[in-house]
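What follows is a short report on a single structure.
FYI, it's all coordinate maths here, none of it is from the lab. In this text the structure is predicted, and so the values were computed from the model without any measurement. Because the Cβ atoms are built from the backbone with ideal geometry, glycine has one as well, and the counts that use them run over all protein chains shown.
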Amino acid sequence: MTRQTISTRGGNAVEVRGLVKHFGAVKAVDGVDLDVREGTVLGVLGPNGAGKTTLVRCLSTLLVPDAGRAVVAGCDVVRQPRALRRRIGLTGQYASVDEKLSGWENLYMIGRLLDLPRKDARTRADEMLERFSLTEAARRPAGKYSGGMRRRLDLAASMIGRPAVLFLDEPTTGLDPRTRNEVWDEVQRMVRDGATVLLTTQYMEEAEQLADELTVVDRGRVIAEGRVDELKAKVGGRTLQIRPTGAGELDRMVGAIAQAGLDGITGATADHDGGVVNVPIVSDEQLTAVVGLLGARGFALAGISTHLPSLDEVFLAITGQKTSGAGTPESASDTHDEQAAHHAEVGV
Amino acid sequence: MSTATITAPIGKTGADEGRIGLRGNLRHIGALVRRNLVQIKNDPETLFDVLLMPIIFILLFVYVFGGAIAGKGNQQEYVQYLVPGMMAMMGMNVAMAVGTGVNEDFRKGVMDRFRTMPIARSSVLIAKIVVEILRMLLATAILLAMGLLLGLEIRGSLLEFAGSVLLSTVFGAALMWIFILLGLSVKTPQAVQGMAMLVLMPLQFGSSIFAPTTSMPGWLEGFTKVNPLSNLADAARALINGQGALAHPALITLGWTVVITAVTMPLAVRKFRSKT
């Protein structure tokens, strides 16, 4: 098997126009347009209940959209679902492997379902286990794997058929930072090998690590799109976090920064619970200037770090509003509605 | 970007490209049968129902009710009566497990994986049925072995004996579609079990499986005449006891088999396809 190519270089591997999927009154996907250029990673960023999962399920033929069109790897999702399934891989939010089977048995089964001859299916299963560092766990039931191992097995399963387009639905949600980094490494490797990836995430940091371009969605609609650095500039760059040796220094530090009137630096705040001072910055020069200033004023620093804006901050910058997701009671019911609608659909 | 045109080239992928040939289908079913068998191997407890139920049921009925039904000391004759009837019951009880199995599968992500793969969606169900038929045959074998230990005599010819097993098997397979449909329609495996019991109990006990129907009130006797389990039990009993095929009960059983399959299989497959 060789990787299927779908068009001339630089074409779009995924094109979505006016896609709509409603569950009763819940407009899970409400007129989405997006493109993923071949060989690139598109990050779909949005809070819980924004419609990310519904979008991915429409594009991977698990749901039939109510309106609009989508072409994935040259196949129309509604009219050519069977041909499309030969060209995609999906790793869902919940591990889509058989927990009662061992890692090896899972991969062998998928190889056979993809019409590999027995011998090739065996070799490919071994190969993928090796590549995803699962060789030692090959014979253990997947149900006994740690979260990170299961996610890696899931990725391996999605890669067996060398798909042209890979859908990753919140690939690192619920993973600890170390395992998250492992998964990121694997995704980056897949992209180097030429895969086109559409990935959904709630984390700006993940989007920055993996995606070339970003589409920000909320309540089933696209509210912003562009290259990651463009969006970051729009959002206002990073937050510099400074931890003084003594917690009592926080307010004095904020005062010193405000007083100095450094170029473009406003809005330094003290976070007493966290024991840090947060300073929004847009450039490395500003970082140097702030740290230099504090050094010159004789503050003792225990640590400094920079952080990308959180999803909340991104939403605030783009829409002037808090996210509709993550934490507010209203959003919690939103998510619930979407899930309830899924269930309702199931029950029909 | 907001225009409604799609510029990505649409490959020459007519509807034919995704079509799966018979050999492909068989290969997929084979891979999925293997999946189900490996599951059993990794979790042998799932076989307990099949292994233990025939043993427990036959002992209970022969020693608790046998004397009362057939007269004290006549247990051996009762074994001769009961075992063929229980063959009919085994199919039904094993079939029930298919419903819970399908329901559980759907609650796991693995079904999403199957449904985004280039395989016929029905192959997942067919593989399940193949494995359940194997389980049913195993249950039947244990039941017969127990029966032989308790003095069962196979009085019919080998052909008649094979006929009785075959008849119970095809009827059990037909029942599986009902339970698959049920498993796809309700929310939890527990609900599948609860609803299945509601149907199972009257069918099992309102039949000639455990006792002759002549002592039952008229309305119940009437019910047993159309009850497929009763007919299957009568047919199997005649075959094993060497009374030849009882044309009428065997035909009614086959009729039920065809009708149940024809109605529930397409419904189950359709439901399976459209399930989100």
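In chain B, the longest principal axis of the Cα atoms and the axis of helix B:22-42 are about 60 degrees apart.
With the alpha-carbon atoms of segment A:27-130 aligned to their principal axes, the span from lowest to highest coordinate is 45, 29, 25 Å, starting with the largest. Farthest toward the positive end of the dipole of segment A:12-233, out of A:TYR94, A:VAL217, A:LEU42, is the Cα of A:TYR94, where the dipole comes from beta carbon charges about the Cα centre. The value of relative contact order for chain B, using C-alpha pairs under 8 Å at least six residues apart, is 26 percent.
The trypsin sites (Lys or Arg not before Pro) found in segment B:23-105 that occupy coil by DSSP, while having at most 10 further C-beta atoms within 10 Å, are B:LYS72. Exposure proxy ranking for A:TRP104, A:TRP184, based on other Cβ atoms within 10 angstrom of each Cβ and starting from the fewest, stands as A:TRP184, A:TRP104. Using Cβ point charges alone (K and R +1, D and E -1), the dipole size of segment A:12-233 about the Cα centre works out to roughly 900 debye.
When only alpha carbons are used to place a centre, segment B:220-275 and segment B:57-100 end up 19 Å from one another. Stretched out straight at 0.36 nm per residue, the stretch from B:ALA162 to B:PHE205 would grow longer than its current Cα-Cα span by 12.9 nm. Remark: the A:THR266-A:VAL64 segment gains 67.8 nm on full extension, using 0.36 nm per residue and subtracting the alpha carbon distance. Counting only alpha carbon atoms, the long axis of helix B:189-205 and the longest principal axis of chain B meet at about 30°.
Sequentially through segment B:143-155, phi angles give Karplus couplings (6.51, -1.76, 1.60; θ = phi - 60°) of 4, 5, 4, 4, x, 4, 4, 8, x, 5, 10, 7, 8 Hz, Gly and Pro residues having no value and appearing as x. If only the Cβ of Lys and Arg carry +1 and only the Cβ of Asp and Glu carry -1, the dipole of the protein assembly as shown around its Cα centre is close to 2080 debye. Overall, the ratio between the Cα radius of gyration of segment A:178-246 and 2.2 N^0.38 Å, rounded to two decimals, is 1.35.
Put simply, the convex hull of the Cα atoms in chain A casts, on average, a shadow of 20.2 nm².
Using C-alpha pairs under 8 Å with a sequence gap of at least 6, the mean separation divided by the residue count of segment A:12-233 gives a relative contact order of 30 percent.
Let me know the shape class of segment A:108-184, please: from the alpha-carbon gyration tensor, a ≥ b ≥ c as square roots of the eigenvalues, rounded when a/c is under 1.5, otherwise prolate if a/b is greater than b/c, or oblate. The shape class here is oblate.
Compactness check for the protein assembly as shown: Cα Rg over 2.2 N^0.38 Å is 1.24.
When the square roots of the Cα gyration tensor eigenvalues are ordered a ≥ b ≥ c, the ratio a/c for segment B:23-274 is 1.5 or more and a/b exceeds b/c, which makes its shape prolate.
Once the dipole of the protein assembly as shown is set up with Lys and Arg at +1 and Asp and Glu at -1 on Cβ about the Cα centre, which of B:THR100, B:GLY218, A:THR201 lies farthest towards its positive end? Of the candidates, B:GLY218 comes out farthest on the positive side.
Across segment A:238-307, the mean sequence separation of Cα contacts (distance under 8 Å, 6 or more residues apart), normalised by length, yields a relative contact order of 50 percent. Name the longest site-free stretch of chain A, where the excluded sites are trypsin sites (Lys or Arg not before Pro) in a DSSP loop with no more than 12 other beta-carbon atoms within 10 Å. Excluding the exposed sites themselves, the longest stretch runs over A:140-348.
At full extension, B:LEU138 and B:LEU198 could sit 19.1 nm farther apart than now, given 0.36 nm per residue minus the alpha carbon distance.
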